1. Within 10 Å, Cβ to Cβ, of Val127, how many net charges do the neighbouring residues add up to if Lys/Arg are +1 and Asp/Glu are -1?
2. Order the peptides 39-47, 124-132, 53-61 from the highest to the lowest mean number of other Cβ atoms within 10 Å of their residues.
3. Give me the one-decimal Kirkwood hydrodynamic radius in Å for segment 42-148, with the sum taken over alpha-carbon pairs.
4. Listing His83, His170 from the residue with the fewest other Cβ atoms within 10 Å to the one with the most, what is the order?
5. For a protection proxy built on the mean count of beta-carbon atoms within 10 angstrom, sort 109-117, 155-163 highest first, please.
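Nothing in this text is a laboratory measurement; each read-out follows from the coordinates by a stated rule. Please read these numbers as outputs of a predicted model, since none were measured by experiment. For neighbour counting, all protein chains shown are included, and Cβ atoms are generated from backbone atoms with ideal geometry for every residue, glycine included.
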Amino acid sequence: MADRPASLPARRRRLLLGAALAIVAGTACASPPAADGTVLTVELPAASEGAARERRDFDLAALAALPQTTIRATLPWYGAPRHFTGPLLRDVLAAAAAPAAARSLLAQALGEYRAEIPIEDLRRWPVIVAYQVDGRPVAVRDKGPLMIVYPVDDDPELRQGRYLGRAVWHLRTIELR
């Protein structure tokens, strides 16, 4: 039996494979903003049992009207440090009148990718909804128009796979839980 050549550790291979599959799936399913300009929908919990969930829609102008934060981050799918700009995710939720009792959110991409994000992350780190990379709007073909970005260069803990998996690109919907 021939020896296998040296390879990346299994965990890193899985992370890279998952990122590659997400890129392919996201690119294939990505679409531009809705006809009315909506780029992000925040779904709030139902007010009572059996009631419909309330929705808050944001266009790029609404996101740009919120206080802005720029994060320098080196993300695996870009390879080099980039500057990401957008409002803090916690500010987006406040603008949507999200209930203080929410414990997590489900961030959904334009495709099928989803990530659950604990609200505690938003208290602990300046997590943003980026709509600009290096001062330019994020094109759909480049993981836009929105993406969730953690300040991975500021805290080594954030370079773990569980946090990188929460960096949703092609962000479309946030469901509060």
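1. So the environment of Val127 carries a net charge of +3.
2. Result, highest mean first: 124-132, 39-47, 53-61.
3. For segment 42-148, inverting the mean 1/r across all distinct Cα pairs yields 14.9 Å.
4. His83, His170
5. 109-117, 155-163
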